[in-house]
Amino acid sequence: MAKPHFDDDDYQDELYDETTSELGELEYFLEEGMITEVLYTLKSGKEATVYCCKAHPKMGVNLLAAKIYRSREHRNFKNDTIYQEGRVILNQRSKRATEKKTGWGRKVQAAMWQGYEFETLQALHRAGASVPKPYSQSQGAILMEFVGDDQGAAPLLANVKLEPAQARILFDQLLFNVRLWLSCNYIHADLSAFNILYWGEKLTIIDFPQAIDPRFNPHAADLLARDLQNVCRQFSRYGLEADPVRIAKKFWEQFYRSQL
């Protein structure tokens, strides 16, 4: 593979090394016979790159999405302490390393960040939530359901224009999901119209590496309220009036009293 040309040689080498690492993660899924071809890039950001892949016939679907995580230094959530609080590290050596922020500790945190999203998707998909079905994971990537068709990926909710009646239905779908996540001990913690896909008159919510466990994270109530503020702000564009503070308080009280 030829390196793309940049004036800044240091940045060129850094980007090339990152791309090479991503291709290595895709090789794992190729060698395991889960995908047969990498078709195109769906999304490339500071947190991860997502590729559309041709699925092997044994997978039972035509397309899959492979999410390849970037190194911790290149993620959007550089200051991810608020999300990491409450996550348990059973291995004492790894726990000490993360507390001391050693090189090994940073690797442990990165692995936790990646693995946590896969585990979250597994749990929420089993519960019936509107999330992509997870199929497999490698050391730095996950393979999951592709939302869309052969013509392209589903658009982001932020880029969709809805009729007021559609907006009401989708808003109710989203609140159902937020409440369902809570009942499974999860809060998305970064929910917005930019990580919600719209396809077939339904929503699919993506990007869960920062999701938190409300039983153990001291910021849980605030993060739930922030998620709901973002949701209500998005749907207010369609004349839908909702009080995110009231909804968040109601959901939190139901969670606290085990009434979900």
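The values are calculated or read from the model by the stated rules, or taken from the named source; none is laboratory data. Since this is a predicted model, take the numbers as computed values, not measurements. Cβ: placed from backbone, ideal geometry, glycine included. Neighbour counts: every protein chain shown. Just the protein is used for accessible areas: all its heavy atoms, side chains included, with ligands, DNA and RNA removed. Shrake-Rupley method; radii C 1.70, N 1.55, O 1.52, S 1.80 Å.
What to note about this one:
- Computed over protein heavy atoms with a 1.4 Å probe, the carbon and sulfur contribution to the accessible area of the stretch 132-256 reaches 50%.
- Qualifying trypsin sites (Lys or Arg not before Pro) in the stretch 183-226, DSSP loop, other Cβ atoms within 10 Å at most 13: R215
- FRET efficiency, 1/(1 + (r/R0)^6) with R0 35 Å, evaluated for R246 and E27 via beta carbons: 0.10
- Paramagnetic label reach from A127 (point 7 Å along Cα→Cβ; backbone nitrogen cut-off under 11 Å): within the stretch 214-246, residues 214-215.
- The distance between label points at A158 and E119 comes to 2.9 nm (points 7 Å beyond Cα on the Cα→Cβ vector).
- Of the chymotrypsin sites (Phe, Trp or Tyr not before Pro) in the stretch 135-225, those whose Cβ has at most 14 other Cβ within 10 Å and which sit in DSSP loop: F216
- Those residues of the stretch 165-191 whose amide nitrogen sits under 15 Å from the label point placed on S236, 7 Å along Cα→Cβ: none
- Pairwise alpha-carbon distances in the stretch 170-260 exceed 17 Å for 44% of all pairs.
- The stretch between D172 and Q151, if pulled fully straight at 0.36 nm per residue, gains 4.7 nm over its current Cα-Cα span.
- Gain on full stretching of the segment that runs from N185 to Q229 - 0.36 nm per residue minus C-alpha separation: 13.9 nm
- Summed side-chain charge close to I169 - residues other than I169 whose Cβ falls under 13 Å, Lys, Arg +1, Asp, Glu -1: -1
- The stretch 138-215 has equivalent-ellipsoid semi-axes of 22, 19, 10 Å, by the square roots of 5 times the alpha carbon gyration tensor eigenvalues, sorted largest first.
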